[in-house]
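Taken together, the values in this text are just the output of simple stated rules run on the coordinates, not laboratory data. Just so it is clear, the model here is predicted, and its values are computed rather than measured. All Cβ positions, glycine included, derive from the backbone under ideal geometry; neighbour counts span all protein chains shown.
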Amino acid sequence: METNLVLEGTKFMFLGMGTVFVFLIIMILVTNAVSKIVNRFFPEPVSVPKEHTQNAGTQTAQNNKRIVAAITAAIMHHRQG
């Protein structure tokens, strides 16, 4: 009983690689199908442009001032030790 180990190893390599390849193809197809189903039944909400919201500029300026104040306080606290 003589076996060619190189031939058997190559056979198992292609069998394993083929199995992984088929699994990946199936996974891609299922992922695309689920993505289309989710987008069809649960679409992204349409966002309102900023120029149509009231007081968008003043709210942004106030938020920026609060952010700068928080960052400044954090730096001062860090430097104090």
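Annotations
- Hz values of 3J(HN,Hα) by residue in segment 6-15 - Karplus curve (6.51, -1.76, 1.60), Gly and Pro given as x: 5, 5, 5, x, 5, 4, 5, 4, 5, 5
- Degrees, to the nearest 10: 56-80 long Cα axis against longest axis of the chain: 80 degrees
- Dipole magnitude for the chain: computed about the Cα centre from +1 point charges on Lys and Arg Cβ and -1 point charges on Asp and Glu Cβ, it is near 600 debye.
- Convex hull volume per residue for the chain, taking Cα atoms only, in Å³: 247 Å³
- Per-residue ellipticity at 222 nm from helix content only, as computed over the chain with -39500 (n - 2.57) for each DSSP H run of at least four residues, stands at -27500 deg cm²/dmol.
- Highest-fluctuation residue, ILE71, ILE26, ILE37 considered, GNM on the chain with Cα pairs under 10 Å: ILE71
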